[in-house]
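In what follows, a structure is listed as structure tokens, so that the remarks can point back to it.
Computed from the coordinates by the stated procedures, all read-outs in this text should not be read as laboratory data. Here the structure is a predicted model, which means the values were calculated and not measured. With ideal geometry, Cβ positions are generated from the backbone for all residues, glycine too; neighbour counts draw on all protein chains shown.
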Amino acid sequence: MIFLITVLLILLLMVGAAIYAIVQKDLLFAVIASGVISLILSILFLILQAPDVALTEAAIGVALTTIIFIITIRNTVRYEDERNKKKKQKNVKKLAK
Amino acid sequence: MNVIFLILILFLVGAIVTAFAGKWSSLLQDGLFILAVTIPAVLFFTQVEMNQLVGWTRGGIHLELGLTPFSYFFAILVLLLGVASAIYSVGFMHGKARKSYYYFNYLLTIMAMLGILFSRDFISFFVFWEIMTWASYLMVVMNGTRTQEIGIKYFVFSAIGAYAMLMAIVLIHAQTGNFLIQDFIDTYPSLAHGRQILIPILLLVGFSVKAAVMPLHVWAPGSYAYSPMSFTSVFSGALSKMGIYGMVIVFVTLLSHLPEGGLIRDIIAWMGAMTAVIATLWAIAQDDARKLLAYSSVGQLGYIVIAVAIGTPMAMLAGLFMAFMHGLFKGALFMVVGAVEKQTGTTDFTKVTGLIRKMPWTFLTALISIIALAGIPPLGGFIGKWMLYESLILSDHYLLVIVAFFSSTAAFLYAYKFLFGFFLGQEEEEWADVKEAPITMLIPMLALAVGSILLGAFPQLILKPINNGLISLGFSDSYGKLWETSTLFNEWGDKVVLQPIIYAIMGVFLTTLAFTYFRNRKRTRYVSTKDISTSGEIPLAHENLTFKENFFQPFLRAVEPVMKKQIDWYYREFGAGLEAIFNFTRRIYSGNGQTYALYAVIFLIVLLLLNGNLFGQ
Amino acid sequence: MKKYIVLGLLAVLGYYLMSIFLLVDFGLPHFAHGVKDVYLSSSKNILKVSNAVTAIVVNFRGFDTLGEVTVLFLSATAMSGILYKKRHDIGERSILFPASSIIRSGAKMLFPSITLLGIYVFIHGHLSPGGGFQGGTIIATGFLLMLLTYQNYSVSHNRLVWVESVAGMLFVIIGLAGYFMKGSFLENVLPVGELNDLFSGGVIGIIYVLVGFKVAAELIGIIYTILHEKG
Amino acid sequence: MVGSPVLFVAIPLLAAFLIPLMGMIWKEFVRIIPGLVLAYMLVLSVSLIIYIQSHGTIVEVISGWGPPVGINLVFSPFSGALTTLMTFLGLLVWLYSHKFKRNVDYEPAKKYFILLMLMVTGSVGMVLTGDLFNMFVFIEIVSISGYGLTSFFVRRDSAEAAFKFLLMGAFASSFLLIGIMIIYTQLGTLNMAEIAQRMPQMDYHMKVFSLIFILVAIGVEAETFPLNGWAPDVYTQAPGPISAAMSGIVVKAAVYANIRIIYTMYDLQGAYEYLLIIGLITFIVAETAALKQERLKRMLAYSSIGQMGLAMIAFGIGTKEGVYAALFLMFSHAIIKSLLFFSGSYLVYNKTSKYIKHVNGMGKYLPITAFLFTLGAFAIIGLPPFMGFWSKLALLSAAADSNLVILVAVILVVSIVEAVYYLRVVNRIFFFKKRANTKPEKPTINAMIAMLSLAAIVLVIGFYPDLVTGLIERAADDLMDKGRYIGEILSKN
Amino acid sequence: MEKYLDILEIAIYGSAVALILIGLYGALTKKSLIKIVLGLSIMDSGIHLMMIALGYLKGGTAPIFSKGFENSADQMVDPIPQALVLTAIVIGFGVTAVALSLVIRLYRHHDTLRIDEIKNLKW
């Protein structure tokens, strides 16, 4: 029973993280939330008796995917509505003046 | 190798060789070109036997070539015009751009026309038909930017026709299991009724595009007018007759089995009549010789269509005779225009006048051909028209007679305009040093003109092959001589009743000519066409004394309502509307990748929603 | 507006997906006579590989794995093509966070053990959970750690190319060896040994090690490419 | 036995892994090796196709496990014919692009040739494989190399096109996985022959759902109507030879997959009607959208989509004649469209925007290229005596034989639209004045060879279709005979 | 026991479907390219979960014949979906990497990540 509740809870957490990842405007947090999804997913894979997949998901989903997302964000814009980009442009304009 | 096959191959090889020969020597190219036309022509007339079949299988389709008496008649026209116009082309194309291109397409067109006539199965028929279409299309667009729209129009209408035909062909294949024309004709009476009606109609649509019948004629004036004149004489003279060829076959072999055949024939006949009237009216309004002749061609084809659609033996005879005559005189006339264009650089009546002394032989050709066109007795045109009227009256199509008579009369107007425009009227300074066309251009022109005279005197020369052809199609006459049904011919058969009269008229004409020539030899003096001081007034140099501008103004004003909205206009609007719709369909591709993804999901969901009904059980 | 349309569409899609999958009973066998029975029994009895997933990935469906390695190779190639710049305007590596010395020395200490773990994982791929992909990824994360913490840490590009090329070629060559010696591509050409031995399963272990090296090299290449990108 | 189908995959992969090393020795190797590999693949497929004429279908077992267990490759008359076509086109694309853009550096060139070679390999793998999940892997190989090749030119909008392609491709692979999983849970196997054998056991709704997911997924690559938004962009932005390879190789492979799944794996009659309707919509929308295009390659792209729609219509007819026509259409379209892309690329060589108006007057400066483009245009419109005509005729008579008169009429009406837009371009090439800022670029000698060999095929098949009709007919027989396919594969156990 | 399974079934399938739908929603409505790629990867995760869940066997063990746990084969969960997911994860990572590099290049080219502003290619 406790096992069931635990599973339900982490499933809930996972779906919550997914929703958070989609709704969050700050892409960095969104990506980290997606890392959380992968983490929970790998736990779930373990529970579902798939240790190989769990290992892979942990290594690729949690570490590598998250990192390349973060690097991309670093290289482009951090906010979904491109706030800081506009800010940057404003600053550039100010400097130009 | 079979001769028929050899002839086609010779044309093809000739086309390729000629096209490339231009790289080395222009003269060699001209010579090769003439040879490439004449050798197969000679082979055709000496070696080909009737009803000899050559068949082979391509891609699982059995194909057959062979010559029937009926196609023999058309082949005479094609080769006659082809050779004449080829000789003319050498002079005409001299020093013009894209000569190799012209020669290549010219030979290909002739080959395709012969191929159509040889075809005994629908696939080779269609293949040659399409080769003819694109080769002539390439000719139409040859002269620069201006002709592109005309070219597209020509191609679109040809494609409509060809695809209608193709649809008929595949339907035929579905019924008979092969593509042989004879097999289809044999099985036609046993088809389902719907197919029995659908297939001939589709075929007729295909043929009437080439024959420029009314609602499908809009390509013709522009295409005739703007392709090189030397080609137009083949284009209007022979190529359009391929439509007639097909129509006759459909009428005789298919529609005669059909209860509704009469109705279809009448509709086609009326369409032909409308074509004749309206195109004639339009021809009168033209100020450009090429356009005038182009419209006139459409009008003349209208007569022919009337005749073959009526379909009594005599009407058929008349139609085919007129088709041949039309090839001769219209070919000659287009050559005349080409010669004028070559020598003066323009074909506008309002600019060029008074060439009669500069180009006397050209004028002579024009005169004879115009007489033939107008249907004035001594020449061949008259016989055709007479037989047409006679057959219309005999088959109780009185309204059609009136219409045909009206447009025939109206044809006098433009015929006169043509003759007057170029050759008569006052001489202009501008054209003072215009020379006669070169001899290579004159010979074919005159030859065709002589042909018109000859057929006026001896129509049986060509009526006999027509007769044979029609009998082979199924018109059986107990005497084996269909033409005897006309009052023109007496009971002895070959002689025209009017023939003595014709001889008399010609004799009088010639003696008068000779007489005046010899009598006045000393006393005549050439005066300028501006020398009209006898009437008491001395004209100024810039004053325009001829009425070459606004030639038939009152008449045109009278018929204006008829001509105000050309059928062309409707097509253009239709095309514009279609393009607008198509412009909308491409906006489906909005450019936003997310939208595309959304389409995918919507598509998936639609399929899921349809799941039960989608794939059946 | 579009949001609601999409939500509506997704509701329908969700309904159908749920209805499809609820038809498949959870936790119960869905079919009889599937190939999985053959896989499980032959991996134990014929191939002597204790990890059935490894047996499937490397042997039964080894062709998929070859394709998969190719996909990684392709995406590394495609990425470096996509982000290609002429040599003179390659930017400096972007570091995400300036690393403190604690992190740096920690990373230095962790790196060998991470690499060792990765190698352990792919060497024991046929015995225990894990294998080439997992081990390769773990090694790649080790390198990632170093790349992130040390600004001038660099991996020799040529060496990466060597590793990935040789590993990939050996994979194919072993496959071809099976084809020429036994008649079918990727067929086992070595003695299979005993279940649960390190040297069991014939070529399976070797191939998985190669896959591990290749995956590691590809992933490091991918990370390296994207790290050297400056927006 | 002259070789084995598995070499179609093994050798290119070996070469792909080898190329970076060889490139260190001599840079020209990266251009030469793919060509050699593609030539080898062509030789192999030709010799195999001769071999199977006397010995029957080759079922190649991989890793020693007979069909339902292991993965297998099937070289049947059908897949063999497509393989030959693809490898031939692949070789020509390589030949054409050998020195296509002279100023390309070593690194991009290396990537280009590796990706090109693996794209061909992936397509061949899609065609040959007898395993559903393996097909997924090959689709991914093709897609990813497609993304990479599309975004080859850095200065164009190519990344945008590639991203759209990727977005659709990612959706497609997700849906495909769902579809494969549904089948697996129901039947417990991934082998296509065994799936086909067990299909009657499957619950009807599951069958339909899985088919829907798979069709939507493969439809993305096969450019069916609502899923083909990526295609025009990709064709516009990819290098010219890649556009040719896309339309000639990748799409053909996807259509193959589509057809194999519908014809062999499933036993749903309604799926044929689906193909017919979707193909018709694709055809109409694409051809009408092409009419008002302003860019040459985009126009060719829409035309290509339309032609694939036509092929799907032909498959949807469902009779043997229909399959024959469809295969013939695919064959002729692959050849002709490659010719058009090849020659079209040179007509608008120096402009990145590739407007149709840039071809104005090129006939004078690039006579042979212009002539070849015209030839291709005429052939694809379906004018006899070129190759396109025979395939169109086969399609129309197949439709007429099945009493689909309206279908025949619609196809013909839309074909007129097709003729119009092609002729507009042809007219511009020959009869318009050259624009001042367009610079004609002479094709290189190898590009010329590639184009001329395609043109020769167009002409030769046009005059003598028997050269290929036998092959195509055998392929059609092979596709229609589902029982034999299952038997041949499963008996290999 | 039955009830236990039912709840777990609905919960696991439901969360897998939820992940797929959430990912789809993100990919279909969000304007930011990174969000779209994120959505795709979440969708992939959902599908992977789904696949593993479909191969699960109640009370089964991992498909490993380790010493001491040499269960009979029918006590094991289905290894095939696991192998497939293994492949799919790696492929998914490859696609994501390519997508992100495209995103970087698009940003370089257009100076924005809004997908509705990146449509130079249309019609």
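List of remarks:
- Shielding by partners for peptide C:134-144, expressed as the average number of C-beta atoms from other protein chains within 10 Å of each residue's C-beta, is 5.
- Mean-position separation - Cα centroids, segment D:374-400 and segment D:5-21, in angstrom: 37 Å
- The protein assembly as shown, dipole about Cα centre (Lys/Arg Cβ +1, Asp/Glu Cβ -1), debye to the nearest 20: 5600 debye
- Descending by average beta-carbon neighbour count within 10 Å, the peptides B:187-198, B:115-126 line up as B:115-126, B:187-198, the highest first.
- Protection proxy ranking of C:26-33, D:272-279, D:286-293, by the mean of other Cβ atoms within 10 Å over each peptide's residues and highest first, is D:286-293, D:272-279, C:26-33.
- Cα gyration tensor shape for segment B:565-614, rounded if a/c is under 1.5, else prolate or oblate: oblate
- Charge context of B:D183, other residues only, Cβ under 14 angstrom, K/R +1, D/E -1: -2
- Protection-proxy order for peptides E:10-18, D:382-390, D:304-312, each taking the mean of Cβ atoms within 10 Å per residue, highest first: D:304-312, D:382-390, E:10-18
- When the convex hull of its Cα atoms is projected in every direction, mean area for segment D:262-316 (nm²): 3.7 nm²
- Whole-Å distance, taken between Cα centres, linking segment D:158-230 and segment D:429-455: 41 Å
- Here is the size of segment D:214-269 from its Cα atoms: Rg then Dmax, 12.6, 40 Å.
- The equivalent ellipsoid of the protein assembly as shown has semi-axes of 75, 34, 28 Å, largest first, where each one is the square root of 5 times an eigenvalue of the Cα gyration tensor.
- Nitroxide proxy distance, nm - points 7 Å out along Cα→Cβ at B:L556 and C:E194: 11.2 nm
- Rg ratio (alpha-carbon, reference 2.2 N^0.38 Å) - segment D:116-184: 1.21
- Normalised by 2.2 N^0.38 Å, where N counts its residues, the alpha-carbon radius of gyration of segment B:112-204 equals 1.26.
- Spin-label pair B:L610/B:I505, simplified geometry with 7 Å Cα→Cβ offset, distance in nm: 7.1 nm
- Along each principal axis, taking the top coordinate minus the bottom one, the Cα set of segment B:1-129 gives 44, 30, 23 Å in descending order.
- For segment B:346-488, the Rg and Dmax computed from alpha carbons only, in angstrom: 19.2, 63
- Entry for segment D:7-490 at q = 0.05, 0.07, 0.12, 0.14 Å⁻¹: log10 I(q)/I(0) = -0.16, -0.33, -1.02, -1.42, Debye formula applied to identical alpha-carbon scatterers, no solvent contribution.
- Charge sum, other residues only, whose C-beta stays under 14 Å from D:D203's C-beta, Lys/Arg counted +1 and Asp/Glu -1: 0
- Computed [θ] at 222 nm, helices only, for chain B once each DSSP H run of length n ≥ 4 contributes -39500 (n - 2.57): -23000 deg cm²/dmol
- Test item: B:151-162 mean partner chain Cβ contacts at 10 Å: 4
- Nearest-0.05 FRET efficiency for C:L110 and C:Q151, computed from C-beta distance (R0 25 Å): 0.90
- Cα-based shape type of chain C, given that a ≥ b ≥ c are square roots of the gyration tensor eigenvalues and the cut on a/c is 1.5: oblate
- Helical content of chain E, expressed as a calculated mean residue ellipticity at 222 nm, amounts to -24000 deg cm²/dmol (DSSP H runs of 4 or more residues, -39,500 (n - 2.57) each, divided by residue number, nearest 500).
- Of all aspartates and glutamates in the structure, those lying under 17 Å Cα to Cα from D:K27, and not within fewer than 8 positions of it along the same chain, are D:D105, D:E107.
- Its Cα gyration tensor gives segment D:181-323 an equivalent ellipsoid; the semi-axes, largest first and in whole Å, are 31, 15, 12.
- Pairwise Cα separations in segment D:1-145 fall into 5 Å bins from 0 onward with the following percentages, short to long: 2, 10, 19, 21, 19, 13, 8, 5, 2, 0, 0.
- Rounded D (µm²/s) - segment E:2-117, Kirkwood Rh over Cα pairs, Stokes-Einstein at 4 °C, 1.567 mPa s: 79 µm²/s
- Local net charge near D:P384, Cβ-Cβ under 10 Å (Lys/Arg +1, Asp/Glu -1): 0
- Distance between the C-alpha centres of segment B:199-237 and segment B:313-334: 15 Å, rounded to the whole angstrom.
- Kirkwood hydrodynamic radius over Cα pairs of segment C:86-220, then Stokes diffusion coefficient at 4 °C and 1.567 mPa s, in µm²/s: 78 µm²/s
- Distant alpha-carbon pairs in chain B (separation over 39 angstrom), percent: 33 percent
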